[in-house]
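Reading through the structure tokens given below for one structure.
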Amino acid sequence: MTGKVFFGVTMSLDGFVAPVADVTVAEVFSPEGKDNPRVQTWLRKWGELQAWLFPQRSFRENLKLGEGGEEGLDDDLSRATMERIGANVMGKRMFDGGELAWPEEAPFHTPVYVVTHTEREPWVRPGGTTFHFVNDGIESALFQAREAAGDQDVRISGGADTIQQYLNAGQVDEFSISLAPVLLGSGIRLFDHVDADRIALEQIRTDASSQVTHLTYKVSKR
């Protein structure tokens, strides 16, 4: 188990990684969602935040969205991120949303360990993704993910609360923020509940394209 533990998120210039959390997954994917102003505002803001990623060739290939797509710095970094991952860890809220939104061939192609209190048998999807539901905490989920990943890296996929828990537990080696030229005004902040007195950061890489700036940090304990 020599790989790194990392996460990567897109963040708005005013510090949010997602719009406000008062829209439920069920609302977004319900037939009434298209007529719900709150849902439409959430979807618009989410689309603006992630606008740099959607056109990338690697993103389109991973989701089977057809041929073509943009190439260049953003695509290279997106592809390199996907290729380094040997296993994923995520929280229950992210899984609940993805279970409704992901295609049949979920876009992970690795084992995924879901931190949850819900007991459930592993869910095997086409394309190499199997969701395992871990009921005994974040440490157990990460241990299983690292075993599965071997020499590859483990990605803490989200959401923000799960990332914060791993940061506070001292389990993250590095992370990347893709800083988008968007102001959300409100929403979910990545570092709201992180114990800043326990974490030291070293900036190890900066990459800027015409659409977004990618910032990479090494994490250590104070």
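Data overview
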item	result
Any hit, the range 68-77, residues being modelled with pLDDT under 90 and out of contact with any helix residue (DSSP H, G or I) (no Cβ under 8 Å at 6 or more places or on another chain)	no
Residues satisfying the stated conditions in the range 41-54, i.e. of a type outside the set (S, T, N, Q) and open to solvent by 40 Å² or more (accessible area, probe 1.4 Å)	W42, L43, R44, K45, W46, E48, A51, F54
Any chance E61 is free of Cβ contacts under 8 Å to residues at least 60 places away in the same chain, part of a helix (DSSP H, G or I) and within 25 Å of G150 (Cβ to Cβ)	yes
Answer from S140, S157, S178, S186 - the residue that is among the small types (G, A, S), farther than 21 Å from A21 by Cα and open to solvent by less than 60 Å² (accessible area, probe 1.4 Å)	S140
Within the range 66-87, considering residues that are among the hydrophobic types (A, V, I, L, M, F, W, C) and within 22 Å of V182 (Cβ to Cβ), the one least open to solvent (accessible area, probe 1.4 Å)	L77
Condition met for L100 (on the phi < 0 side of the Ramachandran plot and out of contact with any helix residue (DSSP H, G or I) (no Cβ under 9 Å at 6 or more places or on another chain))	no
Check on V112, out of contact with any Cys (no Cβ under 9 Å at 6 or more places or on another chain), open to solvent by less than 60 Å² (accessible area, probe 1.4 Å) and farther than 30 Å from D14 by Cβ	yes
Which numbered condition L167 misses (of (1) open to solvent by less than 30 Å² (accessible area, probe 1.4 Å); (2) in contact with a helix residue (DSSP H, G or I) (Cβ under 7 Å, 6 or more places away or on another chain); (3) closer than 30 Å to A208 by Cβ)	(2)
Extreme residue, farthest from the chain's Cα centre (by Cα), among residues of the range 146-160 that are aliphatic (A, V, I, L, M) and more than 14 Å from F95 (Cβ to Cβ)	A148
Residue selected from the range 143-154 under the condition of a type in the set (G, A, S) and open to solvent by less than 20 Å² (accessible area, probe 1.4 Å), by the criterion farthest from Y166 (Cα to Cα)	A149
Complete set of residues in the range 24-40 that are open to solvent by 60 Å² or more (accessible area, probe 1.4 Å) and of a type in the set (S, T, N, Q)	T24, Q40
Search result, residues across the range 1-23 that are loosely packed, with under 15 Cβ neighbours inside 10 Å and of a type in the set (S, T, Y)	T2
Evaluation of E48 against (1) acidic (D, E); (2) farther than 30 Å from G137 by Cα; (3) free of Cβ contacts under 8 Å to residues at least 40 places away in the same chain; (4) not in a loop (DSSP other than H, G, I, E, B) (one fails), failing number	(3)
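The values are calculated or read from the model by the stated rules, or taken from the named source; none is laboratory data. What you see is a predicted model, and the numbers here were worked out from it, not measured in a lab. Here the Cβ is made from the backbone with ideal geometry for all residues, glycine too, and neighbour counts use every protein chain on show. Remember, those area values only see protein heavy atoms, side chains included, never the ligands or the DNA or RNA. Shrake-Rupley method; radii C 1.70, N 1.55, O 1.52, S 1.80 Å.
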